[in-house]
Amino acid sequence: MGTGDAQHLRDLAVLRRVRDRIDREYAQPLDVEALARGANMSSGHLSRRFREAFGESPYSYLMTRRIERAMALLRRGDLSVTDVCFEVGCSSLGTFSTRFAELVGVPPSVYRERYTGATLGMLPCVAKQVTKPVRNREAPVGARG
């Protein structure tokens, strides 16, 4: 194995740790700069390498994790959209609502209204699969509204 290969493997290990940190700490006030500091990389380098490894930026991955959790909380029906926004680590209701609508196809208030209790009785692994948000603005056109 060459020096370049060894470095690539080390970088992948670091990137996996960054992704794992996002998965664990999505509700914390994370940003790309904080993630980059934790990985001893510049934010630009982390963003480029993360996108190469996982197909999306660290910010996009973080927001997807937050939206997945928000979907689960909204389905419970006992929290307001604003409460859910802050519960999942977003500090701006506008940014949260916009990103939610991009990924899910409907605004969070509409999602809450339509899907409260929708996964009751489903195994958690099944519920997670059928409610997974679509990344990169790929929500079906018919789902909007």
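Would you pick out the residues in the stretch 20-32 that are in contact (Cβ under 8 Å) with a residue 40 or more places away in the chain and crowded, with 18+ Cβ neighbours inside 10 Å?
Result: I22, Y26, L30.
Find all pairs meeting these conditions: Cβ atoms under 7 angstrom apart; at least six residues apart or on different chains; first residue within the stretch 33-50 and surrounded by 13 or more Cβ atoms within 10 Å (Cβ to Cβ); second residue polar (S, T, N, Q).
Taking only residues 6 or more apart or on different chains, the pairs are A36/S42; A36/S43; S47/S57; F50/S57.
Go through the stretch 64-83 and give me each residue that's without any contact (Cβ under 8 Å) to a residue 40 or more places away in the chain and under 23 Å from L35 (Cβ atoms).
A70 - this is the single residue of the stretch 64-83 that is without any contact (Cβ under 8 Å) to a residue 40 or more places away in the chain and under 23 Å from L35 (Cβ atoms).
Every number here is computed from the coordinates shown, using simple stated rules; none is lab data. Only a predicted model underlies this, so the values are computations on that prediction, with no experimental measurement involved. Reconstructed Cβ throughout: ideal geometry from the backbone, glycine too, with neighbour counts over all protein chains shown.
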